[in-house]
Amino acid sequence: MDIRNTPKQHIIVGVFSLGLVAVFNLLLQIQWSTAFARASYILLFLVMIIGPLMRFKKPTDSGSPLIVPWSWRGELGIWFTLMGLAHFIFVLTERPFNSLIRIGGSGFGLANLLGLVALIWATALMITSLNRVIMYLGIMSWKWLHSFTNVVFYLVSAHFIYFQFFSTYGNIGPDWFGYMAVTMAGIVIILQLSAFTLSVKKYRSEAIKK
Ligand code: HEM
């Protein structure tokens, strides 16, 4: 659990996020909307793996934040949303909103709708990641709300899988990012299942001892 956001960590995560966008756009010649989308997904991946990893190794307050991954989750989550918002804004500069989500249209509209629902959730989670809001809500309510990060992850995964694997947008078929992003999604799912199995095992061994 990461209930503290620090300016220093925000600067580091911000530089990392914008650095990724710069590499994608300036070095790899990827258009801005896609560059922000890819950076956003990489940040979401980091947020998602920290949760299960925390279950394998109990967090302690000691040690440098550099080697304590859970202390970065809030900052990564906030920057994931900022990158997602930037992606949406760039998409809107290319096409009007009513052509992105159209009833009776193709899978394109549904994929965009999934992205939009994810973005709305992500924005709500970002607002509730601010220190003052966390203190106002209370840790339990905040924890419950933030379990919806999983929903965001699965919505975003369905969203990018459409564009990479099921659309004729750009080149037909996935590129390197499509394969990488699917592998990342697989890693998240494996880690989640492993953490769940570990929790059940721990519970069973404690139940037997009683
Ligand atoms: C948290 C929010 C979002 C995230 C993390 C996200 C992420 C992504 C990712 C990873 C891709 C695939 C890029 C690639 O092919 O390499 C993508 C593509 C796309 N997304 Fe999103 N998306 C989000 C929200 C939205 C929203 C709200 C819309 C529009 C309503 C949208 C419209 C598109 C479109 C049109 C594409 C294909 C063109 C492009 O690559 O820019 N996305 N998005």
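The values are calculated or read from the model by the stated rules, or taken from the named source; none is laboratory data. Small disclaimer: the values here were computed from a predicted structure and weren't measured. Because the Cβ atoms are built from the backbone with ideal geometry, glycine has one as well, and the counts that use them run over all protein chains shown.
Tabulated results
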| item | result |
| --- | --- |
| Filtered residue count, the range 98-145, keeping only those that are under 16 Å from the mean Cα position of the chain (by Cα), free of Cβ contacts under 8 Å to residues at least 40 places away in the same chain and in a helix (DSSP H, G or I) | 8 |
| Residue list for the range 74-97, filter: near the ligand (Cβ under 8 Å from one of its atoms) and in contact with a Ser or Thr (Cβ under 8 Å, 6 or more places away or on another chain) | Phe80, Thr81, Met83, Gly84, Leu85, His87, Phe90, Val91, Glu94 |
| Condition met for Ile134 (buried (at least 16 other Cβ atoms within 10 Å of the Cβ), away from the ligand (no atom under 11 Å from the Cβ) and modelled with pLDDT of 90 or more) | no |
| Any hit, the range 162-183, residues being in contact with a Ser or Thr (Cβ under 9 Å, 6 or more places away or on another chain), at pLDDT below 90 and within 12 Å of the ligand (Cβ to nearest atom) | yes |
| Test set (1) within 12 Å of the ligand (Cβ to nearest atom); (2) more than 14 Å from Val47 (Cβ to Cβ); (3) surrounded by fewer than 20 Cβ atoms within 10 Å (Cβ to Cβ) - Asn112 fails condition number | (3) |
| Lone qualifier among Gly77, Gly107 - being of a type in the set (Gly, Ala, Ser) and modelled with pLDDT under 95 | Gly107 |
